[in-house]
Amino acid sequence: MLNIEIKRFIFIGLISTLINYLVYFFSIKITSNISFSSFLGYSSGLVNSFIFGKKFVFSNLSKMNIKLITKFLFVYFIGGFGMTFIITFLSRFNFNYQLSWLVGVTFSFINNFLGSKLFVFKSNKKL
C-alpha cells in the first residue's frame, strides 16, 4: 500500500510540480521577484495536490471539511514556507534560481508526503 501511495504521490507531485514550475518560471520573468514567484507557483500546484491527493493517492473517502482542509494547508504551508525560504536564501548567495528552486522543491516534497500520509489523510492501517 505504501509503495502505491508513494508512486501515486510522485505522479501527482510531478504534475503539481510542473504547474508550480511553469507559474514560477513565467512569473519570475515578468516580475523578477523570486519570493512572489515562488509563492505563486507553489499555490498553483497546491490546488492540484489536494484534489488528487485526497482520493487518488491516499484513498481518503471522508467528506471534505474545514478540519481536513486546515490540516492540509498547515502541512503545505510548512512545505511552501520552507521552499520559499530555501530559494530566497540560496539566491542571496548567487545560486542559479532554477537550482535554488530544485533544492526548495525537494524539501517541500518530503515534508508534504510525510505530512499528508501521517497527519492529513492518515488511516488506521499500519505502514
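The values are calculated or read from the model by the stated rules, or taken from the named source; none is laboratory data. Keep in mind that what you see is a predicted model, and the values were worked out from it rather than measured. Don't worry about glycine lacking a Cβ; one is built from the backbone with ideal geometry, like all the others, and counts go over all protein chains shown. Areas reflect the complete protein model, heavy atoms only, side chains present, ligands, DNA and RNA absent. Shrake-Rupley method; radii C 1.70, N 1.55, O 1.52, S 1.80 Å.
Take residue 119 and decide whether it is within 22 Å of residue 6 (Cβ to Cβ), at pLDDT 90 or above and surrounded by fewer than 20 Cβ atoms within 10 Å (Cβ to Cβ). So residue 119 passes the test.
Is it the case that some residue within segment 53-71 is over 23 Å from residue 6 (Cα atoms), modelled with pLDDT of 90 or more and open to solvent by less than 40 Å² (accessible area, probe 1.4 Å)? No: zero hits.
Restricting attention to segment 76-86 and to residues that are surrounded by 20 or more Cβ atoms within 10 Å (Cβ to Cβ) and hydrophobic (A, V, I, L, M, F, W, C), the residue that is farthest from the chain's Cα centre (by Cα) turns out to be 86.
Residue-by-condition table, conditions (1) small (Gly, Ala, Ser); (2) under 22 Å from residue 3 (Cβ atoms); (3) in a loop (DSSP other than H, G, I, E, B); (4) open to solvent by 80 Å² or more (accessible area, probe 1.4 Å):
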residue: 15; (1), (2), (3), (4): no, yes, no, no
residue: 20; (1), (2), (3), (4): no, no, no, no
residue: 26; (1), (2), (3), (4): no, no, no, yes
residue: 44; (1), (2), (3), (4): yes, no, no, no
residue: 88; (1), (2), (3), (4): no, no, no, no
residue: 108; (1), (2), (3), (4): yes, yes, no, no
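Scanning segment 29-42 for residues that are among the hydrophobic types (A, V, I, L, M, F, W, C) and surrounded by fewer than 20 Cβ atoms within 10 Å (Cβ to Cβ) yields 30, 36, 39, 40. Within segment 54-86, the set of residues being among the hydroxyl-bearing types (Ser, Thr, Tyr) and in a helix (DSSP H, G or I) comprises 70, 76, 84.
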